[in-house]
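The values are calculated or read from the model by the stated rules, or taken from the named source; none is laboratory data. These numbers come from a predicted model, not from an experiment. Note: ideal-geometry Cβ built from the backbone for every residue, glycine included; neighbour counts use all protein chains shown.
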Amino acid sequence: MSLIGVVAEQEAESRVAATPETVKVIRSLGYDVVVEKGAGAKASFPDSAYEAAGAKLGSSADSWGADIVLTVSAPSDSEISKLKKGSVLVGVLSPALKPELLEALSKQGVTALAMDAVPRISRAQSMDVLSSMANIAGYRAVIEAAHEFGRFFTGQVTAAGKVAPAKVLVAGAGVAGLAAIGSASSLGAIVRATDPRPEVADQVKSIGGEYLLVEVDEQMQSSDGYAKETSKAYEQRAAEIYSEQAADVDIIITTALIPGRPAPKLITAEDVALMKPGSVIVDMAAAQGGNVAGSVAGKKIVTANGVTILGYTDLPSRLPAQSSQLYGTNLVNLLKLLTPGKDGKAVIDFEDVVMRSVTVVKDGATTWPPPPVQVSAAPVAKAEPVVIPEKKKMSGSTRAALIALGLAALFGVVTLAPAPLPEHFLVLMLSVVIGFYVIG
């Protein structure tokens, strides 16, 4: 039976890798759990709740010295030194951006699983940390923008006058972008969105947004489920749209990221200069260089023309309880895959595409990058032609007979009806005739 350690994160991180609820599930897989004292305090999970779930409380050395160590952020050099040889580290490691981290983990002789390297395939969705955190980040981006914005999001008609709704532009309609679109729309804003994949237009519209099509001869596709670089033609036309929108909207939220590469630049300094004083930009890609000229990772910047640029890199961490719950669930689903016997023994099978993809260091040997994973798209279903039976036309004599029969029946009803009905019927007929000529 292996021991799983849940460590306390570094000072800037409010999340925790396991909640009391996920500890119960981990215990059901046959593992013992030790939680570093105070690990869940910032996420409102007291030590007593972990003890009630069956975990033991320990020191930093106890949790980092476990057989399997669960963390949120990538470990520092001092934390890596606490890992014992042959142990397994699981966390968000950014292997494509931090080769020095992989080297340090290799020297320590451990196995490292990167939660942010989960492939975009159907059976791995329950372990997809990037999607879980992006969903929270998109929501929080709107909340941060609303906090800085000096007006309502929704339009209102009051005794003091009419208030126009805020206009929001979301660049990118992935998980984070859709979360931002839905949140801003639910607050009453007019929301517009861009994305190089035209197939997301229906998703944008379904949650209250307007899709701005960048009209170029390019169909955005990806073999691995992640975003890729766009063509020069697309970038040129998109830049024109961003400039047009910058002069009109009140809030811009950018979400464009390409795994393993610096974030693409979408909003230029000239675009920022076009925005009205009091406008807000949230650059969700600030940690990877940013989509916006002038954004600084982790900082709030106010430009000379009064535009606030938020480069916060800890948006999921600003909702620590919710983020920890989702992240912990993602980890539990990975542990279920690693523990088929539910006997507290983790088995890393490189024949499994998910395990192979997330394993970036194996027993001290670097195994990143993994072989490419092809994401198969369902073929577009061809619409079957619908045969509509031809309606048989009524002959002229039949039509005339039916009209005559109807008039006779109507005449009989009017003749036999009580006195008020014929007068009312006459008024009705005259109204129909007069209305036809007046309106027609």
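Considering only the range 74-93, state which residues are surrounded by fewer than 19 Cβ atoms within 10 Å (Cβ to Cβ) and within 13 Å of VAL361 (Cα to Cα). Passing the criteria: LYS85, GLY86.
Suppose we filter the range 338-362 for residues that are among the β-branched types (Val, Ile, Thr), within 27 Å of the chain's Cα centre (by Cα) and buried (at least 18 other Cβ atoms within 10 Å of the Cβ); how many remain? The total comes to 4. Just one of the listed residues (PRO371, PRO277) is in contact with a Gly (Cβ under 7 Å, 6 or more places away or on another chain) and over 24 Å from THR71 (Cα atoms), namely PRO277.
Each residue in the range 98-119 was checked for being of a type in the set (Gly, Ala, Ser) and crowded, with 22+ Cβ neighbours inside 10 Å, and 3 pass.
Conditions tested, residue by residue: (1) over 11 Å from the mean Cα position of the chain (by Cα); (2) buried (at least 22 other Cβ atoms within 10 Å of the Cβ); (3) assigned by TED's automatic domain parsing to the domain that holds ALA256; (4) in a strand (DSSP E or B).
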| site | (1), (2), (3), (4) |
| --- | --- |
| TYR139 | no, no, yes, no |
| ALA180 | no, yes, yes, no |
| ALA193 | yes, yes, yes, yes |
| PRO196 | yes, yes, yes, no |
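For the range 45-77, the tally of residues that are in a helix (DSSP H, G or I), closer than 20 Å to SER324 by Cα and either outside the structural domain of VAL23 (by TED's automatic domain parsing) or out of contact with any strand residue (DSSP E or B) (no Cβ under 9 Å at 6 or more places or on another chain) (or both) stands at 3. Note on the range 265-278: among residues that are touching a residue at least 40 places away in the same chain (Cβ under 8 Å) and either within 21 Å of GLY138 (Cβ to Cβ) or of a type in the set (A, V, I, L, M, F, W, C) (or both), the one that is surrounded by the fewest Cβ atoms within 10 Å (Cβ to Cβ) is LEU266. When the residues of the range 288-325 are filtered to those that are farther than 18 Å from VAL170 by Cα, touching a helix residue (DSSP H, G or I) at 6+ places or on another chain (Cβ under 9 Å) and among the hydrophobic types (A, V, I, L, M, F, W, C), which remaining residue is surrounded by the fewest Cβ atoms within 10 Å (Cβ to Cβ)? Step by step, filter the range 288-325, then rank; the result is ALA304. Considering only residues that are closer than 18 Å to LYS342 by Cα and in contact with a helix residue (DSSP H, G or I) (Cβ under 7 Å, 6 or more places away or on another chain), look in the range 1-17 and name the one that is surrounded by the most Cβ atoms within 10 Å (Cβ to Cβ). If we take residues in the range 1-17 being closer than 18 Å to LYS342 by Cα and in contact with a helix residue (DSSP H, G or I) (Cβ under 7 Å, 6 or more places away or on another chain), then GLY5 is surrounded by the most Cβ atoms within 10 Å (Cβ to Cβ).
Just one of the numbered conditions (1) touching a Phe, Trp or Tyr at 6+ places or on another chain (Cβ under 9 Å); (2) part of a loop (DSSP other than H, G, I, E, B); (3) aliphatic (A, V, I, L, M) is not true of VAL347: (1). Contact map, the range 78-103: residues that are part of a strand (DSSP E or B) paired with residues that are acidic (Asp, Glu), Cβ distance under 9 Å, separation 6+ or inter-chain. Pairs shown: VAL88/ASP67; GLY91/ASP116. Residues that are at pLDDT 80 or above and of a type in the set (Asp, Glu) within the range 202-249 comprise ASP202, GLU210, GLU215, GLU235, GLU240, GLU244, ASP248, listed in sequence order. Going through (1) under 20 Å from VAL332 (Cβ atoms); (2) surrounded by fewer than 22 Cβ atoms within 10 Å (Cβ to Cβ); (3) touching a Pro at 6+ places or on another chain (Cβ under 7 Å) one by one, LYS56 falls short only on (3).
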